[in-house]
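What follows is a single structure, written as structure tokens, with notes after it.
Each reported figure results from applying straightforward, stated rules to the coordinates on display, with no laboratory input. If you're wondering where the values come from, they're calculated on a predicted model, not measured in any experiment. Heads up, the Cβs are rebuilt from the backbone with ideal geometry, glycines too, and the neighbour counts pull from every protein chain shown.
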């Protein structure tokens, strides 16, 4: 086996180990830098991110999308008035015996989705792929990226970049959602834009192993492989 091929196969495993241990090293590549200290911050032991929230045009269809594409479970729906609802979905990693028990600890769980819906809304909100804003994408991990993307497509989602391909253009919906809208990169020279695209092909990041898709409302899903 050629040394270059050996390095390309070993590098992701080496990096995964380094990330797990959070060791600060010089990779010899300016596109990747590890922080020198990833130890728990004293006094913040019980802090974390519990959920992300999206606004849906069709609540029932969106709930079904995330259930069938990624195996989420509906935990509860909060409805202060009949015209407005907030649905919570997640994966039952805590082995809760009932949805009521799960809901009681939902604030302490991670990776949940909150879906907001307003009946007969007077305006339709554009997704990030159409009108860039401060929201970029939703990251979801799965043991089988290709199969997950097939389920996304079957449930009405749109595949933007299948597994095995790279981000080839700064004018693609994926690049736009990553904050690289043409209106924002005008100050980058052609050389810098080319270097940026090439940098996105860094094997350490592994974008070619990801699938990028959208849910029913155009929110970008970054589907990553689980490290088993």
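If you average the sequence gap of Cα pairs under 8 Å that are 6 or more apart and divide by the length of the chain, what percent do you get for the contact order?
21
Normalised by the number of residues in segment 164-228, what is the relative contact order in percent for Cα pairs under 8 Å and 6+ residues apart?
Normalised by residue count, the contact order of segment 164-228 is 31 percent.
Treat segment 41-165 as a sphere of radius equal to its Kirkwood radius over Cα pairs and apply Stokes-Einstein at 10 °C in a medium of 1.306 mPa s; give the translational diffusion coefficient in µm²/s, rounded to a whole number.
My calculation gives 97 µm²/s for D.
So what is the 222 nm mean residue ellipticity for the chain from helices alone, if each DSSP H run of at least 4 adds -39500 (n - 2.57) and you divide by all residues, rounding to the nearest 500 deg cm²/dmol?
-8000 deg cm²/dmol
Using Cβ counts within 10 Å as a stand-in for footprinting exposure, how do 221, 59, 180 rank, fewest first?
59, 180, 221
Beta carbons within 10 angstrom, averaged per residue: use that to sort the peptides 91-101, 196-206, highest first.
Listed from highest to lowest mean packing, they are 196-206, 91-101.
Would you mind ranking 123, 172 so that the residue whose beta carbon has the fewest other beta carbons within 10 Å leads the list?
Ranked by crowding around the Cβ, least crowded first: 123, 172.
What is the distance in Å between the Cα centroid of segment 206-228 and that of segment 41-114?
A separation of 20 Å, based on Cα centres.
With a 10 Å Cβ neighbour count serving as the proxy for reagent exposure, in which order, fewest first, do 37, 215 appear?
Fewest-to-most ranking of 37, 215: 37, 215.
Which label marks the calculated value of mean projected area of the Cα convex hull in nm², given the options [x] 16.3; [y] 15.0; [z] 22.2?
Evaluating mean projected area of the Cα convex hull in nm² on these atoms matches [x].
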